[in-house]
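What follows is a short report on a single structure.
The values are calculated or read from the model by the stated rules, or taken from the named source; none is laboratory data. Predicted, not measured: the structure shown is a model, and the values here were computed from it. Note that we place each Cβ from the backbone using ideal geometry, even for glycine, and neighbour counts take in every protein chain shown.
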Amino acid sequence: MKTIIYIGVILFLSCSKSTTSKMRSVPKDPLIENLISNMTLDEKLGQMTLYTTDWESTGPTIRGGYENDIKSGRCGALFNSHTVDFTTRLQKIAVEESRLKIPLLFGYDVIHGYKTMFPIPLGEAASWDLEAIEKSAYIMSKEAAASGLHWTYAPMVDITREPRWGRVMEGAGEDTYLGSRIAEARVKGIQGTGFDKADRLVACVKHFAAYGAPIGGRDYNSVEISERVFREVYLPPYKAAVDAGALTVMTSFNDYNGIPASGNKYLLTDILRNEWGFNGFVVSDYTSINEMVNHGVVKDETDAGILAITAGMDMDMQGAIFQDKIKTGLNDGRININQIDNSVRSILRIKKLLGLFENPFKFSDKTREANSILTKEHLEASRDVARKSIVLLKNNGILPIKKSVKKVLIAGPLADDKNNLIGAWSGSGEARHCVSLLEGIKQNLKATDIRIEYIKGCEIEGSDKSNFESVLAKVKDADMVILAIGENKDMSGEAAARSMIRIPGVQEELLKEIRSSGKPIVTIVMNGRPLVLNDVHNGSDAVLEAWWLGSQAGNAIADVLFGDYNPSAKLPISFPRHEGQIPIFYNYKSTGRPFNPDSKWNTKYLDMPNAPLYNFGYGLSYTSFDYSAPTADKTSFKNEDSVNISVNVKNTGNYDGEEVIQLYIRDVVSSVTRPVKELKAFRKVMIKKGENKVIKFELSKKDFSFYNDKMEWVTEPGEFHILVGGSSDTANIIKIKLTK
Ligand code: BGC
């Protein structure tokens with residue numbers, strides 16, 4: 001037993017990229033040092049304490065009386081507190097009634113919009129449009145900053161291979177490369193180059209780390225992944241966000257390698273600070289420090305707080321542990337005052353960067369608040385990214401809908417809905433500002449003779465089919481049907497795991513009934529996660545994946561339906577055929593017995609193909625693109641060279657259109673097993689009808705590197721396959737060789 005433990009420890013240590021923890025270096029500033037030298041211990045612990053107001057909350061409010069805490073310096077930051085009036089009132093208490101007059105930091109979950117709502121992050125990721133994503137992050141920050149806020153708990157950059165997990169809607173999907181680029185874009189959009197104009201927020205990268213890999217897809221569950229998968233798949237987007245300048249990081253609820261993230265020194269100190277040089281502050285997730293008692297790694301909350309501080313935690317969200325419990329650890333020497341001072345220094349530094357010491361009310365300007373929210377420009381940006389996020393999953397030619405159609409029946413529980421369309425995690429977003437699908441279609445067809453009829457047909461959930469007959473009666477005199485079905489927004493997001501990822505209720509039965517009429521059907525699916533869509537696919541003439549698209553959802557979908565926008569989105573995550581295939585992802589590894597449909601003895605199911613219904617990177621357009629075979633400027637290259645890959649892409653259809661050109665690599669022989677393909681680059685390009693564009697990619701050493709068996713980051717000579725196409729299942733290939 002002892003030997004096994006010993007080998008385990010050695011293995012773990014050898015996998016760790018840095019095991020010696022240096023003293024963390026937080027830049028020193030005279031104003032802050034002066035404050036620290038004047039602070040009592042309670043005031044220091046107060047700066048390390050974050051409470052929710054009792055206005056809104058994503059969990060139980062375990063502590064009231066925050067106004068007294070502000071006055072006595074026992075609370076330095078608040079969340080769920082927004083609007084200029086509200087934040088001004090609280091800030092006044094801090095800077096007028098507390099002893100040291102240290103301004104408060106106001107945080108909030110501004111996830112995909114403040115008032116102007118953008119598509120849910122998973123949907124927006126389908127746009128593969130980094131500029132549009134950065135812009136939406138900027139707009140949401142601008143609106144929130146005009147409403148008194150300083151800090152958003154975004155971006156969430158958790159990679160996931162788990163469609164059952166409700167929080168899949170908040171991230172960028174399954175791929176590490178796409179997720180990393182989007183993480184950077186979101187951080188840039190949120191923080192910009194600084195806070196001079198008070199139109200940006202401080203970003204908080206979450207949830208560090210590997211929150212997207214809960215066993216069985218159940219939220220908050222343990223994570224069991226190897227150090228290799230952790231470093232190759234899950235870690236890079238957090239690093240990309242930190243490299244892009246993210247000033248704060250939130251821990252996750254799960255454990256990693258047996259230690260809950262909020263007490264995990266390997267994560268918070270060895271990786272984050274020592275390997276990556278992060279010098280912002282780390283905040284716990286909601287009571288996640290307290291929850292280490294339930295994890296069973298500490299006997300009580302005092303020990304939980306001490307474990308958190310020792311690991312490198314700076315701020316306690318809602319747990320009241322730093323404020324109330326950790327003094328014992330200082331008295332008995334398990335933690336020391338330098339650790340506390342470092343945390344306080346890191347937190348005050350962010351307040352200083354925001355400019356709050358010069359003007360605590362910098363973000364509280366009534367005029368700006370009145371003029372910055374839901375502006376025409378913001379709504380246009382929302383419509384733009386919303387239509388770029390709609391994935392055309394099937395089209396037998398019915399789309400775009402010809403203006404010669406005479407009568408369209410619009411049906412389904414999501415057709416006249418606003419509340420769900422703003423999506424889960426919509427915070428202060430309001431359904432009344434959302435354009436429903438019905439409204440969007442009416443608006444689009446205003447100047448035409450096409451007549452519209454609407455009937456709901458059924459609810460999202462439940463078994464009531466009593467309206468099916470009325471639907472069928474209306475179908476009779478329509479030329480075609482547009483059916484909007486899917487999930488309601490509470491089926492995704494936090495604590496919203498589903499074991500069956502089907503369209504709920506009798507919605508698919510409604511589709512079948514309509515199908516029996518023989519009338520053409522366009523089905524629009526609205527949801528927060530990949531769903532099993534076999535019946536929708538087989539029962540519809542066209543299928544649009546429309547996620548929850550935000551304030552301009554209806555207009556954006558109508559733009560696509562009637563050809564004012566040619567769909568260009570590609571799936572950022574695989575859609576399985578059945579829950580039994582989960583986890584399912586495109587960058588799996590080759591096995592000793594790779595899939596072979598003609599023999600039994602290999603990696604496969606007896607009752608189902610291995611492939612998903614829709615694979616990562618898939619999405620159709622109203623036009624068609626022809627790809628030439630990729631070419632390389634050299635077929636053999638050395639480690640330090642770069643290789644230029646070119647491909648000709650021709651728009652061979654009848655519409656101008658944007659295409660997402662995706663480049664994947666495969667390392668054919670390497671000392672450890674590698675994925676059958678990995679995305680390494682992409683470009684989203686407009687190609688006009690009949691036009692041919694040459695698309696170039698430059699690949700360098702980093703694109704061919706991986707962790708070897710000693711967890712060293714290396715490249716190895718040998719053959720690589722480069723695949724370039726419009727989806728991850730492309731077979732459009734060139735072989736190149738890396739020499740010594
Ligand atoms: C969530 C975080 C969120 C926090 C504050 C937690 O329950 O996991 O993502 O930022 O609440 O609302």
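Remarks
- Pick from the range 86-118, criterion under 31 Å from the mean Cα position of the chain (by Cα) and among the charged types (D, E, K, R), ranking: nearest to the ligand (Cβ to nearest atom): D109
- Of the candidates A198, A172, A154, A210, the single residue that is of a type outside the set (K, R), touching a Cys at 6+ places or on another chain (Cβ under 9 Å) and assigned to a loop (DSSP other than H, G, I, E, B) is A154.
- Condition check for L438: part of a loop (DSSP other than H, G, I, E, B), under 20 Å from P119 (Cα atoms) and in the same structural domain as L561 (by TED's automatic domain parsing): no
- No other residue among K362, K366, K352, K325 is among the charged types (D, E, K, R) and free of Cβ contacts under 8 Å to residues at least 60 places away in the same chain apart from K325.
- Here G189 clears all of (1) more than 16 Å from the ligand (Cβ to nearest atom); (2) within 20 Å of P530 (Cβ to Cβ); (3) crowded, with 24+ Cβ neighbours inside 10 Å except the condition numbered (2).
- One residue from F253, F278, F208, F230 being under 20 Å from I347 (Cβ atoms), over 15 Å from the mean Cα position of the chain (by Cα) and modelled with pLDDT of 95 or more: F278
- Candidates G550, G554, G580, G563 - the one that is over 21 Å from the mean Cα position of the chain (by Cα) and either part of a loop (DSSP other than H, G, I, E, B) or modelled with pLDDT under 95 (or both): G563
- Options A244, A320; residue that is of a type in the set (A, V, I, L, M), at pLDDT below 95 and surrounded by fewer than 24 Cβ atoms within 10 Å (Cβ to Cβ): A320
- K406 crowded, with 20+ Cβ neighbours inside 10 Å, touching a strand residue (DSSP E or B) at 6+ places or on another chain (Cβ under 9 Å) and at pLDDT 95 or above: no
- Test: A213 is more than 14 Å from the ligand (Cβ to nearest atom) and closer than 28 Å to V660 by Cβ: yes
- Answer residue from the range 74-85, given it is part of a loop (DSSP other than H, G, I, E, B) and within 16 Å of the ligand (Cβ to nearest atom) and is farthest from A370 (Cα to Cα) among those: C75
- Single residue of R218, R181, R164, R231 found to be away from the ligand (no atom under 13 Å from the Cβ), more than 22 Å from F616 (Cβ to Cβ) and surrounded by fewer than 24 Cβ atoms within 10 Å (Cβ to Cβ): R218
- Being of a type in the set (G, A, S) and in contact with a helix residue (DSSP H, G or I) (Cβ under 6 Å, 6 or more places away or on another chain) is a property that S590 lacks.
- First in the range 468-493 and on the phi > 0 side of the Ramachandran plot, second anywhere and crowded, with 21+ Cβ neighbours inside 10 Å and in a helix (DSSP H, G or I), Cβ under 8 Å, 6 or more apart: G486/Q507; G493/G166; G493/R167; G493/M169; G493/E170
- Criterion violated by D633 - all others in (1) out of contact with any strand residue (DSSP E or B) (no Cβ under 9 Å at 6 or more places or on another chain); (2) without any contact (Cβ under 8 Å) to a residue 24 or more places away in the chain; (3) closer than 30 Å to K740 by Cβ satisfied: (1)
- Any hit, the range 604-621, residues being in a strand (DSSP E or B), within 24 Å of W128 (Cβ to Cβ) and touching a residue at least 60 places away in the same chain (Cβ under 8 Å): yes
- Considered as a group, the residues in the range 192-208 that are within 16 Å of the ligand (Cβ to nearest atom) and either without any contact (Cβ under 8 Å) to a residue 60 or more places away in the chain or β-branched (V, I, T) (or both) include one that is nearest to G173 (Cα to Cα), and that residue is V205.
- Condition check for F278: more than 16 Å from the ligand (Cβ to nearest atom), crowded, with 24+ Cβ neighbours inside 10 Å, assigned to a loop (DSSP other than H, G, I, E, B) and on the phi < 0 side of the Ramachandran plot: yes
- Of the candidates D243, D314, the single residue that is within 16 Å of the ligand (Cβ to nearest atom), in contact (Cβ under 8 Å) with a residue 24 or more places away in the chain and either under 25 Å from G46 (Cβ atoms) or of a type outside the set (S, T, N, Q) (or both) is D314.
- In the set (1) more than 16 Å from T248 (Cα to Cα); (2) within 15 Å of the ligand (Cβ to nearest atom), the condition left unmet by A126 is number (2).
- Residues in the range 480-503 that are more than 19 Å from F575 (Cα to Cα) and buried (at least 17 other Cβ atoms within 10 Å of the Cβ): M480, V481, I482, L483, E494.
- Unique match (being surrounded by fewer than 16 Cβ atoms within 10 Å (Cβ to Cβ), more than 18 Å from G166 (Cα to Cα), in contact with a strand residue (DSSP E or B) (Cβ under 9 Å, 6 or more places away or on another chain) and not hydroxyl-bearing (S, T, Y)) among D464, D477, D541: D477
- Residue match in the range 690-697 (condition: within 19 Å of L620 (Cα to Cα), part of a loop (DSSP other than H, G, I, E, B) and over 25 Å from the mean Cα position of the chain (by Cα)): yes
- Exactly one residue among I289, I340, I335, I347 is aliphatic (A, V, I, L, M), under 15 Å from T49 (Cα atoms), modelled with pLDDT of 95 or more and over 31 Å from the mean Cα position of the chain (by Cα), and that residue is I340.
- Inspection of the range 641-662 identifies at least one residue that is over 30 Å from L399 (Cα atoms) and assigned to a loop (DSSP other than H, G, I, E, B).
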